[in-house]
Amino acid sequence: MLLSLALVGFITFILWRLLSEEENPLDKLPGPKKLPIVGSAFEFMRMNPRDLFIKVRLFAEIYGDRYLIKILGRRILHVHNVKDVEVVLAHSRNIKKSKPYTFLESWLGTGLLLSNGAKWHKRRKILTPTFHFNILKSFSIVMKERSKGLVEKIKTLENTDVNLLPLISDYTLYIICETAMGTQLDSDKSAKTQEYKSAILSIGKLLFARLTRVWLHNEYFFKMHSLGKRFQKCLEKVHSFADDVIMERKKNWKPGQSEFTEEDSVGGKKRLAMLDLLLEAESKGEIDLEGIREEVNTFMFEGHDTTAMAIVLGLMLIADHEEVQDRIFEECQKIFPDAESTPSMSDLAEMKYLEAVIKETLRLYPSVPFIARAITEDFMLDDLLVKKGSEVSIHIYDLHRRADLFPEPEAFKPERFLSGEAMHPYAFVPFSAGPRNCIGQRFAMLEMKCVLSGICRNFKLQPRVKGARPALLADMLIRPAEPIYVKFIRR
Ligand code: HEM
């Protein structure tokens, strides 16, 4: 009896959904086959992340510039042409993040990355000064020290094939932890600090595992599953560590402490952490302690894996192109008097060729391969009405590999960024663009220049297999499917 009632209920629900669906212009777009209610969900069933990455690339090829994927009532418009990307990213009100981002909420709260509306505007205003030139100068002291440490570490691994990711992600984690919270993860060997480090690394892996298991997208199922339980344990450690650091720093903090002058940078006398600037904002009543916690966690998330991936893939490409290595080395030799001197901010600004190498790396391998928005207000993409309630995915990866924007798109050619030819402002958007662009982009460029120049001044790099490129995995961050190895030989 109960079973028949449930069946009748289910059929009524399906009929109601089918009949109550409003006409939507997006439905006329091409895209994978759509069934009633479930939409294209079966297309993705049992797909591994590697095949999924390839499938999404194929969709762009088969269906063209705009295509629609419908899943369980969600309409997701996918775009990768420069005009559409500009309209979506430049929109001042459609700035809400869509479904995949919600997995991060229990960690980051509604900090800058995930917040929306008035809260986002307020936080963006408070946090923008955190990346002011003088503050970055203070952060660059940490970056230079850590880069030196990395070079020393690589000296111990010379002439062997080194698995890049674990090596580099340790260093980007140390840099962001010290600049965001003022905590040195490498020298502080206390159990709590080491636990924090491994919890942060595990959280990344668990989020990825969740993303690729559709049935765990549901909050309840995830919480009940062993992955969800492990995630919860890691969250507790990460939150409690961040809370302790915030309270400790707050105890010793005095108003005005976060001012940073030209003199302070000499010899690295004064070290600011982003946390100091947040405490300053708290003293002015602009943010509360919960807000500080959200932003510290947001910086830890956004500021560590993104740069690690870019550095790893950059090293892979540099290793594969001897002429590029030589040009980076020559550029460094012109700028630095000797091999030991550390780069100043103006030295780093002078590294134009290295900058082009980093940009070309981010073109081929944008650390954030797609951005997704939940549409809160109807808007027009040329003649196409995109209604409130739909979602838009912008595929930065596909945009960056368009032959009409970047001839020979698969080739690694840093010169593209040195030609002086005007480029459409939305053709190259590894840091996104428009109101929700990456607030940390200058920080990231500085860090990547510090690390890559340090390595290329000291070592010649050799790939394990010339011309090899890793398969990639579908994830919120670009992720190679297999380890990337490079050999370092002392110059
Ligand atoms: C190579 C390195 C990096 C890349 C490629 C990158 C890329 C991006 C992209 C594409 C977005 C937009 C995301 C979206 O709209 O969903 C973003 C946002 C953001 N990034 Fe980065 N990022 C990098 C490094 C950093 C660093 C080092 C920090 C902090 C220290 C940072 C902090 C943030 C924050 C807080 C946001 C949210 C901004 C907002 O919504 O107002 N990022 N990043």
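The values are calculated or read from the model by the stated rules, or taken from the named source; none is laboratory data. As the structure is a prediction and not an experimental result, all values here were calculated from the model. Here the Cβ positions follow ideal geometry from the backbone for every residue, glycine too, while neighbour counts run over all protein chains shown. Note: accessible area is taken over every heavy atom of the protein model, side chains too, but ligands, DNA and RNA are not part of it. Shrake-Rupley method; radii C 1.70, N 1.55, O 1.52, S 1.80 Å.
Write down the Å³ per residue value for the convex hull defined by the alpha carbon atoms of the stretch 318-395.
Values: hull volume 12.7 nm³, N = 78.
Output value, Cα hull per residue: 163 Å³.
Need one number: nm distance between label points at ALA427 and GLU330, each 7 Å from Cα along Cα→Cβ, rounded to one decimal.
Placing both labels 7 Å along Cα→Cβ, they lie 2.6 nm apart.
At 1.567 mPa s and 4 °C, plugging the Kirkwood radius over alpha-carbon pairs of the stretch 34-490 into Stokes-Einstein gives what diffusion coefficient in µm²/s?
Approximately 56 µm²/s, per Stokes-Einstein.
Rolling a 1.4 angstrom probe over the protein heavy atoms, how many square angstrom per residue are accessible across the stretch 15-126?
53
What residues qualify as long-range amide H neighbours of PHE370, i.e. H under 5 Å apart, gap of 5 or more or another chain, H built at 1.01 Å from N?
Residues meeting the criterion, in which the H sits 1.01 Å from N, are ILE396.
Cross-link list LYS144/LYS352; LYS99/LYS233; LYS34/LYS387; LYS83/LYS119; LYS192/LYS229: which exceed 26 angstrom alpha carbon to alpha carbon? Before the final figure, lay out the partial values.
Working: LYS144/LYS352 18 Å; LYS99/LYS233 23 Å; LYS34/LYS387 19 Å; LYS83/LYS119 29 Å; LYS192/LYS229 20 Å.
In this structure, LYS83/LYS119 exceed 26 Å between Cα atoms.
Once you sort the root eigenvalues of the Cα gyration tensor of the stretch 39-171 as a ≥ b ≥ c, which label holds: rounded (a/c under 1.5), prolate (a/b larger than b/c) or oblate (the other case)? Could you put the intermediate results ahead of the total?
On the way: a/c = 2.33, a/b = 1.33, b/c = 1.75.
Because a/c hits 1.5 or more and a/b fails to exceed b/c, the stretch 39-171 counts as oblate.
Give the calculated FRET efficiency between GLU219 and ALA471 to the nearest 0.05, with a Förster radius of 35 Å applied to their Cβ-Cβ distance. Before the final figure, lay out the partial values.
On the way: r = 31 Å, r/R0 = 0.88.
For R0 = 35 Å, the calculated efficiency reads 0.70.
Could you give the length gained by full extension between ARG442 and HIS132, i.e. 0.36 nm per residue of separation minus their alpha carbon distance, to one decimal place?
On the way: separation 310, 0.36 × 310 = 111.60 nm, distance 0.92 nm.
Once the chain is fully extended between ARG442 and HIS132, it gains 110.7 nm.
Just list whichever of LYS97/LYS250; LYS155/LYS466; LYS155/LYS449; LYS125/LYS250; LYS155/LYS334; LYS148/LYS250 have alpha carbons separated by over 26 Å in the model shown. Intermediate results must be reported in sequence, preceding the final value.
On the way: LYS97/LYS250 32 Å; LYS155/LYS466 23 Å; LYS155/LYS449 19 Å; LYS125/LYS250 22 Å; LYS155/LYS334 23 Å; LYS148/LYS250 30 Å.
Flagged as over cut-off: LYS97/LYS250; LYS148/LYS250.
When we measure straight from the Cα of LYS205, which aspartates and glutamates land under 19 angstrom away, once same-chain ones fewer than 8 places off are left out?
Correct list for LYS205: ASP51, GLU105, ASP170, GLU195, GLU219, GLU236, GLU302, ASP305, ASP475, GLU482.
Evaluate E = 1/(1 + (r/R0)^6) for ARG271 and THR212, where r is the Cβ-Cβ distance and R0 equals 51 Å; express this FRET efficiency to the nearest 0.05. Mind showing how you got there, number by number?
Numbers: r = 39 Å, r/R0 = 0.77.
The calculated FRET efficiency here is 0.85.
How much length, in nm to one decimal, is gained on full extension between ARG74 and MET45, taken as 0.36 nm per residue of separation minus their Cα-Cα distance? Intermediate values should be presented prior to the final figure.
Working: separation 29, 0.36 × 29 = 10.44 nm, distance 1.64 nm.
Separation in residues times 0.36 nm, less the Cα-Cα distance, equals 8.8 nm.
Quick check for you: which residues of the stretch 371-388 have the amide N under 20 Å from the point 7 Å beyond the Cα of GLU23 toward its beta carbon?
Flagged as within label range: 378-388.
Only loop residues by DSSP count here, and only those with at most 16 other Cβ atoms within 10 Å; note down the GluC sites (Glu not before Pro) in the stretch 370-442 that meet that. Could the numbers behind the result be given before it?
Details: sites: GLU377, GLU391, GLU410, GLU415, GLU421; in loops: GLU377, GLU410, GLU421.
Those that pass, being in a loop and sparsely packed, are GLU377, GLU410, GLU421.
With a 1.4 Å probe and every protein chain kept in, tell me what percent of the accessible surface of the chain is carbon plus sulfur. Show your work: numbers first, answer last.
Details: 13040 of 22750 Å².
Carbon-and-sulfur percentage of accessible area, whole number: 57.
Modelling each spin label as a point 7 Å along the Cα-to-Cβ direction, I'd like the LYS254/ASN116 distance in nm, to one decimal.
4.4
Can you figure out the FRET efficiency of LYS352 with GLU236, using R₀ = 45 Å and their beta-carbon distance, to the nearest 0.05?
Numbers: r = 46 Å, r/R0 = 1.02.
Result of the calculation: an efficiency of 0.45.
Please express the shape of the stretch 294-450 as an equivalent ellipsoid: the semi-axes are the square roots of 5 times the eigenvalues of the C-alpha gyration tensor, given largest first in whole angstrom.
Values: eigenvalues 210, 77, 34 Å².
Gyration-tensor ellipsoid for the stretch 294-450: 32, 20, 13 Å.
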